[in-house]
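Notes for the one structure printed next.
The values are calculated or read from the model by the stated rules, or taken from the named source; none is laboratory data. From a predicted model like this one, the values you see are computed outputs, not experimental measurements. Neighbour counts are summed over all protein chains in view; Cβ atoms, including those assigned to glycine, are modelled from backbone coordinates with ideal geometry. Just so you know, the surface numbers come from the protein's heavy atoms only, side chains and all, with ligands and any DNA or RNA stripped out. Shrake-Rupley method; radii C 1.70, N 1.55, O 1.52, S 1.80 Å.
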Amino acid sequence: MTETSAGRVTVADIARVTGVSPATVSKVLNDRADVAPGTRALVKATVAEHGYVKDTTRRTRPPVRRQQKRALVDLVFNDAGSPWAAEMIRGVGAIATAAQVSLVVSEVQLGSAGISAWLDGAEERSSIGAILAFSDLSPAESQRAAEMGTPTVLVDPVGDFDAHLPSFGAGNWGGGLTATAHLLELGHTRIGTITGPMRYLCSQARLAGHSTALARAGIETDPALVQHGDFHYASAVTAALALLDLADPPTAIFAANDEQAMGVYAAARQRGRSVPEDLSVVGFDDVPMSQWVLPGLTTVRQPIREVAALAIRALLSVRDGGTLPEGRTELPTTLVVRESTAAPRS
């Protein structure tokens, strides 16, 4: 441990020895509650060992600035421009506004450098909490997020449900089951599907629900009818064209989100197929554009804004002295029937 020219051990010195940020050291010295117990004990032990004495001759953090920092919530995406993200922002923003909390929306490029940089910034901001709507964290990053002193929750994790952080989402398996069951009830037996990225748990669950509905109807899943997308329009056009160009094409397609369903519409037009006369289409999410397109899209309503509200309310409860919930919290999905589905042609 080195000392300043005046012989004083600084906050930066304590941070360097303990391996935590100066902001975290400051929280411990000011008896802030939002620091993990293990980190608090380490900092206090280091302070006692090296004889740190708080400098009372100046204010290191003006009260007004501290109040502003405590009135922030971070909402983090890897794609903040998607319709799903827009609905998530609206859901979080409505609760934040009512609670007089400012919302900081960030877009983080996936990969260790981008995530680590965001974690560094989050520690410095000392926000009320963080909602990670990308959740593509390594075990080490997840552990750091859980211990950095800023309450953090996940929305629809990419990998396995995280043991360190609570998560919120929708019933994706049930949604996939409901979408395909609706098509089966209309009389379709040759049903294609376009998944989302298969490293996403929600994509895996929606495909599993689709397969279960087919199995219950005595229909074996045909691998040729399963195409993988990336939740974006262009990939869905390519995937839908591949399905429609099969020697025995599907009479219906279940797309794993509404943006991909729009891609199916485009592919159908390219192949001279009418929706729903020649091809029934079901999406997933029920973002606003689903009811604006022609024909109106039959889709599985994912309660995006309600999930967002649960996530920010969990953070606000910690600010008010409560604790974060443990494990996974799921809300049910519902089928919204519009004009894009009909019985297959005889």
For this session: Report the one residue of VAL226, PRO249, GLN270 whose Cα lies farthest in the direction of the positive end of the charge dipole of the stretch 206-277 (charges on C-beta: Lys and Arg +1, Asp and Glu -1; origin at the Cα centre).
Result: GLN270
Problem set entry | Sequence of PHE254, PHE231 from largest to smallest accessible area, 1.4 Å probe | PHE231, PHE254
Exercise. Taking all pairs of different Cα atoms in the stretch 187-270, averaging 1/r and flipping that mean, what Kirkwood radius in angstroms comes out?
Worked result: 12.6 Å
For this session: Multiply the residue separation of GLN291 and ARG328 by 0.36 nm, subtract the distance between their alpha-carbon atoms, and state the gained length in nm to one decimal.
Result: 10.3 nm
Problem set entry | Whole-angstrom Cα spans of the stretch 128-285 along principal axes, big to small | 56, 32, 23
Problem set entry | Nearest-20 debye value, the stretch 189-256 charge dipole, Cβ charges on Lys, Arg, Asp, Glu | 240 debye
Seminar exercise, completed: For TYR233, TYR52, the accessible-area ranking with a 1.4 Å probe, largest leading, is TYR233, TYR52
Problem set entry | HIS50-GLN143 pseudo-label distance in nm [points 7 Å out on the Cα-to-Cβ vector] | 2.3 nm
For this session: Would you mind listing how long the stretch 142-231 runs along its three principal axes, going by Cα atoms, in whole Å with the largest first?
Result: 54, 21, 18
Exercise. Separation of the stretch 263-297 and the stretch 209-243 by C-alpha centroid, Å?
Worked result: 15 Å
For this session: Find the eigenvalues of the gyration tensor of the Cα atoms of the chain, then list the square roots of 5 times those eigenvalues as equivalent ellipsoid semi-axes, largest first, in whole angstrom.
Result: 50, 18, 16
Problem set entry | Shape parameters for the stretch 273-346, alpha-carbon atoms, Rg then Dmax in Å | 18.2, 63
Exercise. Based on Cβ point charges of +1 for Lys and Arg and -1 for Asp and Glu, what charge dipole magnitude is obtained for the chain about its Cα centre, in debye rounded to the nearest 20?
Worked result: 1260 debye
For this session: Determine the principal axes of the Cα atoms in the stretch 199-346, then give the extent along each, sorted from largest to smallest and rounded to whole angstroms.
Result: 61, 33, 26
Exercise. Looking at the chain, what % of its DSSP beta bridges pair antiparallel, to the nearest 5?
Worked result: 10 percent
Exercise. When the gyration tensor of the stretch 216-262 is built from Cα positions, what are the square roots of 5 times its three eigenvalues, in whole Å, from largest to smallest?
Worked result: 19, 13, 9
Problem set entry | Charge dipole of the chain about the Cα centre (unit charges at C-beta), most positive-ward option of ALA80, GLY321, VAL237 | GLY321
